[in-house]
Each structure stands twice: as C-alpha cells, then as structure tokens.
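The values are calculated or read from the model by the stated rules, or taken from the named source; none is laboratory data. Owing to the predicted nature of the structure, the values given are computational and were not obtained by experimental measurement. Glycine gets a Cβ as well: all are built from the backbone with ideal geometry, and neighbour counts include every protein chain shown.
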C-alpha cells in the first residue's frame, strides 16, 4: 500500500495567531523539510500554489475529530454510550459551558477558519503573476470549501456564532459579535458557490491519491446538504441530482452504473482505500506518527490490544438502542462493518483478528469496528493516537440519501429519490423498499452513517417536537450480565429545548462578552 504523506506542511506565524501557510511540495502527498519562510517569497510557482491548502485537510481538525465529533454526534444522539467521566455528560444532557470538550470544539473549528482565512486573504496579494489565475482560484476554492465546512459544524453545534472572514481585523479588537443563524448559512453558501465555480472538475479513477482534494463536484454536493438543512428541497434535489448524473462519484460496491464493483461498504473504512470513488470530502491523515498529524479516532474506539500500542480505550460503545435499530443484523452488511460482535472474525485486521467473547464496550456487550484499522505494521504506518486512515466528512452514500430525502419532500422526482434510497440499501445487502417514507430515509441515514458523527444533527434538524421525543425515548442503558440471558439496566434522559444547542464555552464568553448579546446582522457588502 502506498504510504500516505498528505499532512506534510511548513508553518509561519502571522501576527500572534496560529495562522499557517502550507507546504511547497510538488506532490500533494509529499513533505518537504520544515523551515520558516515568508509568504512574500513563497507563492512563486504553480506547484507551491497548488499545495497551498494541504494543511487545511488535517492538523487543525485534530481535536475536533478526535475528541469532539463523536461525543456530540454519537453520545448525545443515543447512538453510543459511555461511563467515561470526561464525556458521560453528553449522554445525559448535562453539558455546561465549563466542559472542556466544548472548548476543544470551538477552538479547533475556529483554528480551521483562521488558517483558511490566512490563505484566502494572503494568496491573492502574494502570488507571482506567472501563476495561472485558475490555479490561484482553485486553491482559494479549497480554502473556502473547508472554511464553509467548519462554519457548518459551528452553526449546528452552537447556533449563532461570529462570522470571521479575516482574523487580522480583530487583532486589536477581540470583542466580536455573533451573527444570526441565517447569516451563517448565507456565508457558508457563498463560500461553497465560489468553490463550485472555481474548483477543478474531476474524473475520479483508480489512482486514489489523485482523489484527495475536493473538486467542483464536491462543493456542489456539500451545497446540496446545506440546502437540505434549510429545507429548500428543490435546490437540494437539483444539486444532488446534478452530482449523481455527473458520474464523478460512485458507491463503493453496489449495483448499476454508479456502483464501483471493486469495493464494498466494509472496504470504505480500510486505510488502503482512502480516497476511493465514494469519497466526496475526507480529512487526510499522515503515516508520520506525529501527534495531530494522524487520525486519533481509533485510539478512542478500539478495544485494547488491537492498535499495537497502549491505546485502545473503548471509550464509547454502540448503544443498545442502535443495536436494536438494525432491521437484520445478519443480512445488513453495515452491521459487521460498524459493530464488533463477540467471536466475529476480521481477516484484514492485524492479519486476522477474532473478537473476544467478553467484548463489552461501556456495558454494551459489543465493540466498534468502524474507523478501527489495526496496528502500524499492517496499516501502512502511524503511531499511538495518530493513524493514517481518512475521516469522511461527506461521501456519495450520504449524497444519495440527500437526494432521496429532497425528493420525498417534494423537491423532485419521487421515483428517482426511491432509486437513490434503494441503491444504498442494496449495497448493504437489504431488499429495496417500494414506497419508502421520510421515516425510512431517517432510519437509513442512522444506519448508513453510524459512528460517522452525523446522527445528532439529523435528529435535531427534524424539529424540536420530534427531537425531544426521540431523544427522551432512546435507550442509553447497559446490559446486566449477572442474569441469563442478560437483562437491561435502562437509562433514559429527557432533554429540554435548551439542550438542542450547546452552550458557548465559558472562557469564550468571558473573553468575548458579545456572545451573550443579541446577534448582529453580518455585513455582506465586502463580499459582493
């Protein structure tokens, strides 16, 4: 397997913030020696400008992905459960602004934004005139795509947040007003529209390394998801339909013209298949073994002994509720790829791995397989808390479900939406549904994307009435193995409306009291 060398960057300190500039590597996956340089002398060649956004695909995301995304997406939603004192409050809706995980969320996502802003605001004035404008615009499109993604997480987690388009504007004035949710979404859409118009078109082939960067099609797919959240069903359908018809992406496995027979749902999560034809946008992690340059999720998800290091903390287990949600554990191929049953055998894992009969992540009597990829020797490198497997942010399987949901809500052809839903089901080994409902789409999203950190947002966007009822009736308990068969120690918690958004970190409100004041409309005049 070709070793991944994506996260290989140089850095420069601008003012006093950690605004980073990327590597001057000729190869997207290559790392040059680290040294300091000046932005004024860096963006001189096409190769340098093409490498400009490399670092935005990895390091600034580390704390969010490793420590936050699963706590919000899986614990709060009831897909997972834990006794871990650091994150158990996500299970029972007891999160306050003092919680360090929220601070990590805020800091990590705004670091992504700050570093994106650095590129967006520096490149146009520093680039050598010999570099073609389309090369410059493509790098700016990458940065704006990634900035939009970070804001998409922030607005779904916190609601109204400050829109910062240039961090240097606030060096001497750290008090920044928050902006209305609708303005944050407008800012996101403008970034993605720029990306859609300026990123390169791609034809994705068998050289997966060439698929690592986002494309114009990636931006169109992400924009379809934004319109889905805004309940603009017609636009969500139109854009997702365009991406489907483009043929750029394929289901890894599945049938029909947009099914890639070289893979399967299970194969999506093998490191060797990073940047496969289903990947629309994925974070790219390094084999270097350096902390924050690799993917830290396996350390939290894996059972002890799998990684080859002293990690493997089993910090979260698949909830009893999620286990019961699979309609057919034997037939649905996603179960084996997501959840480790006692005695299951995984031939790819460390040359062959049999799950222990007493596996019991957090009282659930099972473990997690998704994003658990094994030791460095069989996995292309890495080290403790630093593994080389990609993290999906958006993939084609989800785009098909976006297409289906938009269609079933009246945004487009019901028949075409049904086809998209059933492509996902058939790839999973399940029978098609002749006349699916929106409840079927919601259920399919839960199973298809389990432990990909999306389910909390899916629950909340259904509206308060649905979300409060669903969350209050989600089983978050454990098995009692002192009985035969095991009985359930039931745990259910009832959220309030306030729990559907997370509080701002207390240190942020102390440093920026404007967060506690009413939102202020964002001035878009500079963007017109």
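Below are the figures for this structure:
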| item | result |
| --- | --- |
| Exclusive hit being closer than 19 Å to residue 96 by Cα, at pLDDT 95 or above and surrounded by 11 or more Cβ atoms within 10 Å (Cβ to Cβ), set 491, 508 | 508 |
| Residues located in the range 84-105, provided they are touching a helix residue (DSSP H, G or I) at 6+ places or on another chain (Cβ under 6 Å) and in contact (Cβ under 8 Å) with a residue 24 or more places away in the chain | 87, 91, 93, 95, 97, 98, 101, 104, 105 |
| Boolean, residue 312 is in a loop (DSSP other than H, G, I, E, B), at pLDDT below 95 and out of contact with any strand residue (DSSP E or B) (no Cβ under 8 Å at 6 or more places or on another chain) | no |
| Among residues of the range 294-306, those that are part of a loop (DSSP other than H, G, I, E, B), within 11 Å of residue 383 (Cβ to Cβ) and out of contact with any helix residue (DSSP H, G or I) (no Cβ under 6 Å at 6 or more places or on another chain), counted | 1 |
| Residue list for the range 83-110, filter: more than 21 Å from the chain's Cα centre (by Cα) and either on the phi > 0 side of the Ramachandran plot or in a loop (DSSP other than H, G, I, E, B) (or both) | 83, 84, 85, 86, 92, 93, 94, 95, 96, 97, 98, 99 |
| Of the criteria (1) assigned to a loop (DSSP other than H, G, I, E, B); (2) touching a helix residue (DSSP H, G or I) at 6+ places or on another chain (Cβ under 6 Å); (3) buried (at least 23 other Cβ atoms within 10 Å of the Cβ), which one residue 286 fails | (2) |
| Only one of 245, 179 that is farther than 24 Å from residue 408 by Cβ, modelled with pLDDT of 95 or more and more than 22 Å from the chain's Cα centre (by Cα) | 179 |
| Output for the range 373-390, where each listed residue is at pLDDT 95 or above, buried (at least 24 other Cβ atoms within 10 Å of the Cβ) and in contact with a helix residue (DSSP H, G or I) (Cβ under 6 Å, 6 or more places away or on another chain) | 373, 374, 387, 388, 389 |
| Residue list for the range 240-261, filter: touching a residue at least 24 places away in the same chain (Cβ under 8 Å), touching a strand residue (DSSP E or B) at 6+ places or on another chain (Cβ under 8 Å) and over 19 Å from residue 418 (Cβ atoms) | 249, 250, 252, 253 |
| Candidates 431, 469 - the one that is free of Cβ contacts under 8 Å to residues at least 40 places away in the same chain, surrounded by fewer than 22 Cβ atoms within 10 Å (Cβ to Cβ) and in a helix (DSSP H, G or I) | 469 |
| Check on residue 265, touching a strand residue (DSSP E or B) at 6+ places or on another chain (Cβ under 7 Å) and at pLDDT below 95 | no |
